[in-house]
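Undergrad: Structure incoming, see below.
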Amino acid sequence: MTTLLTVEDLRVTFPTRQGPSEVVRGVGFTLGRERLGIVGESGSGKSQTGRAILGLTPPPGKATAKVLDFDGIDLRAASAATWRRLRGARMSMVMQDPKFSLNPVMTIGKQLMEALKFGAGETRAQARARALAMLEAVQIRDPERVFRAYPHELSGGMGQRAMIAMMLVTEPDLLIADEPTSALDVTVQVEVLRILDRLVRERGMGLIFISHDLRLVSSFCDRVLVMYAGRVVEELKAADLGKAQHPYTRGLMNCLPKIEGGVRPLPTLERDAAWAR
Amino acid sequence: MGEVMLSVEALDVTFRRGGDTVRAVRGVGFDVARGESFGIVGESGSGKSTVLRAICGLAPTSGGTIRLKGQPLPDPRPATFFRAVQMVFQDPYASLHPRHTVDRVLSEPLAIHGFDRREERIEGALRDVGLGPSFRFRYPHQLSGGQRQRVAVARALILEPEVLLLDEPTSALDASIQAEVLNLLDRLRAERGLTYVMVSHDLAVVAHMCDRLIVMQHGAAVEELTRAALSAHRAATDYTKKLLSASEGFTPA
Ligand SMILES: Nc1ncnc2c1ncn2[C@@H]1O[C@H](COP(=O)(O)OP(=O)(O)OP(=O)(O)O)[C@@H](O)[C@H]1O
Ligand SMILES: Nc1ncnc2c1ncn2[C@@H]1O[C@H](COP(=O)(O)OP(=O)(O)OP(=O)(O)O)[C@@H](O)[C@H]1O
Ligand SMILES: [Mg+2]
Ligand SMILES: [Mg+2]
């Protein structure tokens, strides 16, 4: 498999009251044209890993890496112009808080049209049709209304889908999706995953799928990285998530409630200080 | 059913802007007994959050009656309402003030409602949701998604309300923190006799937490089920059956 992204020794540090706090601590992996899942505890550094790859570490945070290579381009040395060429067009990220990343004072339609950057032989009407088709593809019931709506007029899951539509209209080579389906009911979730799946299989997109939904990750992804306290503590084939070795990963599987009923209270994790070392 | 704590009858909510009219909620009704936990599941955009917001007086209600302990609720809702009923919003980013520290988020409601022992309560609330004291003086943007969600839960709990309206309270949390928050909610309900209305798209979470639930689609409640029926996959409508089978995970088309 051709490698699309190589990450070696990625670190992200924030200054805090208690001194510098390293929230990503030496993460490394490679990504081909596949579905790579990242799971892990809340606060373990999943989102910050995704943002650092796209050069979007919020200041005053700092990201460093030994290698950060996207399709032969050294991202560590990328100029503002290089980033403008890459972001949106070739690499995109669906952020965890869709309403926060959508512009609150611009209609969804206007934002979609901007993302499309139509031109190059496409009329406005054609671009509009393409945007509406994408909203329909993510299972929006009334795409015309949503096209005219502002972000606050949408439900949580509709905002999330508008955001996904926006990231997908440009057909990027690398998509980092941070909890992209966490606000969606399961039937819509399946449809959105089918779209992502098609882009990986048919267009050879590389997908980093950040999620805390273990059932979903094990059924949807090819490989999974498990993060704990800023590090990758385990890497496995997604289908083998049930056979995980690390006590954190194994503990996670036990904490899930079941539709068929189970124990009460739910099992929780006894965290071991050694896991963070 | 014991004493009815919250009752929603024939609720209609309609949003209007320009030529667009959205009938977000159409004739939804349910009763929740004191100490009961009631679930709402359903399609994205079907009106679940709007039902909770309407209970709080935050949606353009065009019909129906909402009662708390038998009394129809006045508009706007009085301060005593928010002492008794607290809501955890779906979108923790939007519901936490960006320039307020966690400390301020938690201390302000205590001050407004005249609570004593504030210091102790703030520390306790943070501990309850699994956040250490080092988080107390952070701003929302310095927190991960799940940490923000937990601050929102702590803010609702700190006022010791009788009724909690929970909109996807654990959808941003990993399995281990989710288990801790669900256990906390379960324990509080048992200890203090709290009443919950909980929206979630995770059927397993609802099966675990709720005694009864409704399934919403396109603004209407299409089915009401007991926990036993849900656990046994005994659904009457096609939509609920579809939800149950999609809950098994992803299957390539
Ligand atoms: N601006 C900041 N200053 C200090 N610490 C920060 C800042 N932003 C994030 N952090 C910390 O970095 C750690 C990693 O955050 P990140 O958002 O990557 O977590 P995550 O794994 O995505 O968690 P979740 O599943 O809850 O979204 C967290 O502990 C968070 O509190
Ligand atoms: N302020 C508003 N103005 C106009 N329409 C609105 C507004 N708020 C909600 N709506 C519409 O009402 C409908 C129901 O929204 P609601 O947020 O209640 O859905 P939901 O069931 O909570 O969905 P989700 O699971 O995606 O959060 C949607 O079609 C939404 O676009
Ligand atoms: Mg995150
Ligand atoms: Mg909602």
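Undergrad: Mean shadow of chain A, computed from the convex hull of its alpha carbons, in nm²? Each step should come with its number before you reach the end.
TA: Values: hull surface 66.9 nm².
Here the figure is 16.7 nm², rounded to one decimal.
Undergrad: By how many degrees, 0 to 90 and rounded to 10, does the Cα axis of helix B:145-157 deviate from the longest principal axis of chain B?
TA: In chain B, helix B:145-157 runs at an angle near 80 degrees to the longest axis.
Undergrad: Report the residue, chosen from A:176, A:140, A:53, that carries the largest GNM mean-square fluctuation when chain A is represented by alpha-carbon nodes joined by springs under 10 Å.
TA: Per the Cα network of chain A with a 10 Å cutoff, A:140 tops the list.
Undergrad: Where does helix B:102-112 land angle-wise versus the long Cα axis of chain B, in degrees 0 to 90, nearest 10?
TA: The angle comes out near 90 degrees.
Undergrad: Ok, one more. Short version: what are the Cα gyration tensor semi-axes of segment A:1-44, square root of 5 times each eigenvalue, largest first, in whole Å? Spell out each step's value before the answer.
TA: On the way: eigenvalues 151, 32, 7 Å².
Working from the Cα gyration tensor, I get semi-axes of 27, 13, 6 Å.
Undergrad: Which one of A:38, A:259, A:195 has the biggest mean-square fluctuation once chain A is modelled by GNM with Cα springs under 10 Å?
TA: Its mean-square fluctuation being the largest, the pick is A:259.
Undergrad: Could you give the spread of the C-alpha atoms of segment A:37-179 along their three principal axes, from largest to smallest, in whole angstroms?
TA: 47, 39, 27
Undergrad: Rg/Rh for segment A:147-237 to two decimals, with Rh computed the Kirkwood way over all alpha-carbon pairs. Mind showing how you got there, number by number?
TA: Working: Rg = 14.2 Å, Rh = 14.3 Å.
Radius of gyration over Kirkwood radius for segment A:147-237 works out to 0.99.
Undergrad: Express the relative contact order of chain A as a whole percentage, based on alpha carbon pairs under 8 Å and six or more residues apart in sequence.
TA: Values: 489 pairs, mean separation 65.5, N = 277.
The value is 24 percent.
Undergrad: Starting from the Cα gyration tensor of segment B:106-230, take the square roots of the eigenvalues, sort them a ≥ b ≥ c, and report rounded, prolate or oblate (rounded when a/c is under 1.5, otherwise prolate if a/b is larger than b/c, else oblate).
TA: Details: a/c = 2.11, a/b = 1.69, b/c = 1.25.
Verdict is prolate for segment B:106-230.
Undergrad: So if I restrict to the alpha-carbon atoms in segment B:4-247, what is the Rg, and what is Dmax, the biggest pairwise distance, in Å?
TA: 17.9, 52
Undergrad: Segment B:65-87 to segment A:1-56: how many Å between their Cα centroids?
TA: First find each Cα centre; the distance between them is then 46 Å.
Undergrad: Using a Cα distance threshold of under 27 Å, what count of lysine pairs results for chain A when pairs must be 8 or more residues apart or interchain?
TA: 12
Undergrad: Give the share of C-alpha pairs in each 20 angstrom bin for the protein assembly as shown, from 0 to the last occupied bin, in whole percents, shortest bins first.
TA: 22, 58, 20, 0
Undergrad: Whole-Hz ³J(HN,Hα) for each residue in segment A:75-85, computed from phi via Karplus 6.51 cos²θ - 1.76 cosθ + 1.60 with θ = phi - 60°, x for glycine and proline: what do you get?
TA: 5, 5, 9, 5, 7, 4, 5, 4, 4, 4, 6
Undergrad: What's log10 of I(q)/I(0) for segment A:32-118 at q = 0.18, 0.26 Å⁻¹, Debye sum over Cα points only, no solvent?
TA: -1.04, -1.46
Undergrad: Using heavy-atom solvent-accessible surface (probe 1.4 Å) with all chains present, what is the largest-first order of B:168, A:270, A:22? Mind showing how you got there, number by number?
TA: On the way: B:168 5, A:270 155, A:22 75 Å².
Highest to lowest solvent-accessible surface, that is A:270, A:22, B:168.
Undergrad: Ok, one more. Using only Cα atoms, locate the centre of segment A:230-269 and the centre of segment A:74-139, then give the distance between them in Å, rounded to an integer.
TA: Computed from Cα coordinates, the inter-centre distance equals 36 Å.
Undergrad: If contacts are Cα pairs under 8 angstrom and at least 6 residues apart, what is the relative contact order of chain B in percent? Walk me through the intermediate numbers first.
TA: Details: 442 pairs, mean separation 64.9, N = 253.
Value for chain B: 26 percent.
Undergrad: Report, in debye and to the nearest 20, how large the dipole of segment B:4-247 comes out about its Cα centre when Lys and Arg carry +1 and Asp and Glu carry -1 on their Cβ.
TA: On the way: 30 positive and 28 negative charges, 69 e Å.
Taking the Cα centre of segment B:4-247 as origin, the dipole is about 320 debye.
Undergrad: Next up: Can you tell me what share of the DSSP beta bridges in the protein assembly as shown is antiparallel? A percent to the nearest 5 is fine.
TA: Working: 50 of 87 bridges.
So the antiparallel bridges amount to about 55 percent of the total.
Undergrad: For chain A, what proportion of DSSP beta bridges, expressed in % and rounded to the nearest 5, is antiparallel? Spell out each step's value before the answer.
TA: Numbers: 25 of 44 bridges.
If we restrict to bridges inside chain A, about 55 percent are antiparallel.
Undergrad: For the protein assembly as shown, what is the calculated [θ] at 222 nm in deg cm²/dmol (nearest 500), taking -39500 (n - 2.57) for each run of four or more DSSP H residues and dividing by its residue count?
TA: On the way: 20 runs with 186 residues, N = 530.
Using -39500 (n - 2.57) per qualifying helix, the result is -10000 deg cm²/dmol.
Undergrad: Given the alpha-carbon gyration tensor of segment B:172-253, what are the semi-axes of its equivalent ellipsoid in whole angstrom, ordered largest first, with each equal to the square root of 5 times an eigenvalue?
TA: Working: eigenvalues 115, 59, 24 Å².
Semi-axes from the Cα gyration tensor: 24, 17, 11 Å.
Undergrad: Sticking with this one: Between A:109, A:251, A:28, which gets the highest mean-square fluctuation from a Gaussian network model of chain A, Cα cutoff 10 Å?
TA: A:251
Undergrad: I would also like to ask the following. Quick one: helix A:186-203 against the long Cα principal axis of chain A, what's the angle to the nearest 10°, folded into 0 to 90?
TA: On a 0 to 90 degree scale, this one is about 80.
Undergrad: Next question. So what are the radius of gyration and Dmax for the Cα set of segment A:100-171, in Å?
TA: 11.2, 35
Undergrad: With a 1.4 Å probe and all protein chains kept in place, how much accessible area does residue A:214 have, in Å² rounded to the nearest 10?
TA: 0
Undergrad: Toward the positive end of the charge dipole of the protein assembly as shown, about the Cα centre and with charges on Cβ (Lys, Arg +1; Asp, Glu -1), which of B:135, B:218, A:218 goes farthest?
TA: The Cα lying farthest towards the positive end belongs to B:135.
Undergrad: Here is a further query. Viscosity 0.692 mPa s, temperature 37 °C: Stokes-Einstein D of segment A:178-277 from its Kirkwood Cα radius, in µm² per second?
TA: After rounding, the answer is 216 µm²/s.
The values are calculated or read from the model by the stated rules, or taken from the named source; none is laboratory data. Since this is a predicted model, take the numbers as computed values, not measurements. Please note: Cβ atoms are built from the backbone with ideal geometry, for glycine as well, and neighbour counts cover all protein chains shown. Quick note on the areas: whole protein, heavy atoms, side chains included, nothing else; ligands and nucleic acids left out. Shrake-Rupley method; radii C 1.70, N 1.55, O 1.52, S 1.80 Å.
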